[in-house]
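This report concerns only the one structure given below.
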Amino acid sequence: MILLRTLSNAAAELISGALRQAQIQLNLEDRFAVLVDNQQRTRTLQEAVPATLLDQAKIWSGKTDFQIKLYSDLADIPCVLILCEKGNGPM
């Protein structure tokens, strides 16, 4: 996991947009997740992780019921987590 922190939603959207565009151009959408956690978050962290990465995390962890509930659950998932303002923290 790579953690980036920003103080504005606009900066978080700019950064995540650029990373997602690079993912598409390089055909890396299923290789790592780009996650934004801000006060307006409408999806859980688990919903934001691509299904292929979640399936891999279940295999890596050895837990078929693996779920992402805390930031620490992202530790072994290839992702860039962008925290904006205070984020929403643990679910």
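The values are calculated or read from the model by the stated rules, or taken from the named source; none is laboratory data. This one's a predicted model, so the numbers in the text were calculated from it and none came from an experiment. Using ideal geometry, Cβ is built from the backbone for each residue, glycine included, and neighbour counts are taken over all protein chains shown.
Here are the numbers for the structure shown:
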quantity	calculated
Checklist (1) surrounded by 13 or more Cβ atoms within 10 Å (Cβ to Cβ); (2) within 12 Å of the chain's Cα centre (by Cα); (3) without any contact (Cβ under 8 Å) to a residue 60 or more places away in the chain; (4) in a helix (DSSP H, G or I) applied to S16, failing item	(3)
Residue in segment 47-77 that is farthest from L28 (Cα to Cα), counting only those that are among the polar types (S, T, N, Q) and part of a loop (DSSP other than H, G, I, E, B)	T64
Any hit, segment 2-13, residues being exposed (fewer than 12 other Cβ atoms within 10 Å of the Cβ), within 12 Å of the chain's Cα centre (by Cα), at pLDDT below 90 and on the phi < 0 side of the Ramachandran plot	no
Tally of residues being hydrophobic (A, V, I, L, M, F, W, C) and under 19 Å from N9 (Cβ atoms) across segment 43-78	2
Residue in segment 29-37 that is in contact with a Phe, Trp or Tyr (Cβ under 7 Å, 6 or more places away or on another chain) and of a type in the set (G, A, S) present	no
Residues being part of a helix (DSSP H, G or I) and without any contact (Cβ under 8 Å) to a residue 40 or more places away in the chain - total across segment 19-45	6
